[in-house]
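Novice: Sending over a structure as structure tokens; questions will come in a sec.
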Amino acid sequence: MAMLMLPAWRGPALGPLLRPLCSWADGLLHSMAQPGTWDRFYTQQDTAGTPSHFNWFFDYMAISGLLLPALRGCGPPEPNPNPTRVLEVGCGTSDLSLGLYRDSPHPVHISCVDVSPVAIKSLHRLLQEVPPPRHPLSQLHLHVADATDLEGGGFGDGSFHLVLDKGTCDSLLRCAQGPSQARRLVAECLRVLCPGGSLLQFSDEDPDARVPFLEQAGAPGVTVQEVGHLGGMCYYVYTLCRPALETPTTVALN
């Protein structure tokens, strides 16, 4: 993918995605920082008794061609047999991590976190239907945790090679307390990265708004690529890297 020239401002638009889904979507747009909001949202998605994936923006297959090379590029160098450690923040019931777990030809240890126990319970049921991983040493674990306080969830410094955020930062930025909470999210994602690791943030927000925010949040050297136009929207991936030569506060992963 080519590096993206910065386009004119166009604000993000979750409203069209949400309004067909539930009668209280307008309230959701203003209360995304509240855990109870997501419990109600995912309970409504599971009203038929059978859980199903709900993918913000797009599903795993739409970006698998980008994710799998990124996964290998930030993991332990060959021929190191240690797994690549991946964290997905605000996983909801997305199929993103389940797809990586299933398809990665190299061992991966994936942790999915979400503040909603309802979402995690549904995702656990969906995990039971996933075929065995391509690599027999791959693992996937689900955690109820606040992505703005990963330390409180037990995730230490330098724990992961790759952190994935598909829409979580966007949801926080749409709240009254949004900027401060979103900055905490970015800081926590960078903290748990090992040296040489990467945070990938997927968003529909234009670079001329998102790049300055990420830089102000403490992430210099942000790069951006256009994912493509899906469902009439243009999406981007923002990459934030922790320098490989940085001295970690804990022992770096090998």
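Computed from the coordinates by the stated procedures, all read-outs in this text should not be read as laboratory data. Because the structure is a prediction, the values reported are computed rather than measured. Positions of Cβ are backbone-derived with ideal geometry, glycine not excepted, and every protein chain shown enters the neighbour counts.
Novice: Name the residues whose placed amide hydrogens come within less than 5 Å of the amide hydrogen of Gly228, ignoring near sequence neighbours (fewer than 5 apart) on the same chain.
Specialist: Tyr235
Novice: Could you compute the net charge surrounding Phe58? Neighbours are other residues with a C-beta less than 12 Å from the C-beta of Phe58; K and R count +1, D and E count -1.
Specialist: That sum, taken over residues with Cβ under 12 Å, equals -2.
Novice: Given points 7 Å out from each Cα along the Cα-Cβ axis, report the Asp149 to Glu226 separation in nanometres with one decimal.
Specialist: So the label points at Asp149 and Glu226 sit 4.1 nm apart.
Novice: Using the Karplus curve 6.51 cos²θ - 1.76 cosθ + 1.60 with θ = phi - 60°, work out ³J(HN,Hα) for each residue of region 135-151 in order, rounded to whole Hz, and write x for Gly and Pro.
Specialist: 9, x, 8, 5, 9, 9, 10, 10, 9, 8, 7, 8, 5, 8, 9, 5, 4
Novice: How large is the translational diffusion coefficient of region 89-229 in µm² per second when you combine the Kirkwood radius over alpha carbon pairs with Stokes-Einstein at 37 °C and 0.692 mPa s?
Specialist: Taking Rh from Cα pairs, D becomes 207 µm²/s.
Novice: Follow-up question, since we're still on this one. At what distance in angstrom do the alpha carbon centres of region 121-135 and region 54-106 lie from each other?
Specialist: 14
Novice: Of Val211, Val222, Phe160, which is farthest towards the positive pole of region 105-254's charge dipole, taken about the Cα centre with +1 and -1 on the beta-carbons of Lys, Arg and Asp, Glu respectively?
Specialist: It is Phe160.
Novice: Let me ask something else about it. Apply the a/c threshold of 1.5 to the C-alpha gyration tensor of region 59-164 and tell me whether it is rounded, prolate or oblate.
Specialist: oblate
Novice: On to the next question. Using θ = phi - 60° and the Karplus curve 6.51 cos²θ - 1.76 cosθ + 1.60, what whole-Hz ³J(HN,Hα) does each residue of region 228-240 get, with Gly and Pro shown as x?
Specialist: Each residue of region 228-240 in turn: x, 9, 10, x, x, 10, 9, 10, 10, 10, 9, 10, 10 Hz.
Novice: While we're looking at this one, here's another question. Going highest first, how would you order 133-140, 67-74 by mean Cβ packing within 10 Å?
Specialist: 67-74, 133-140
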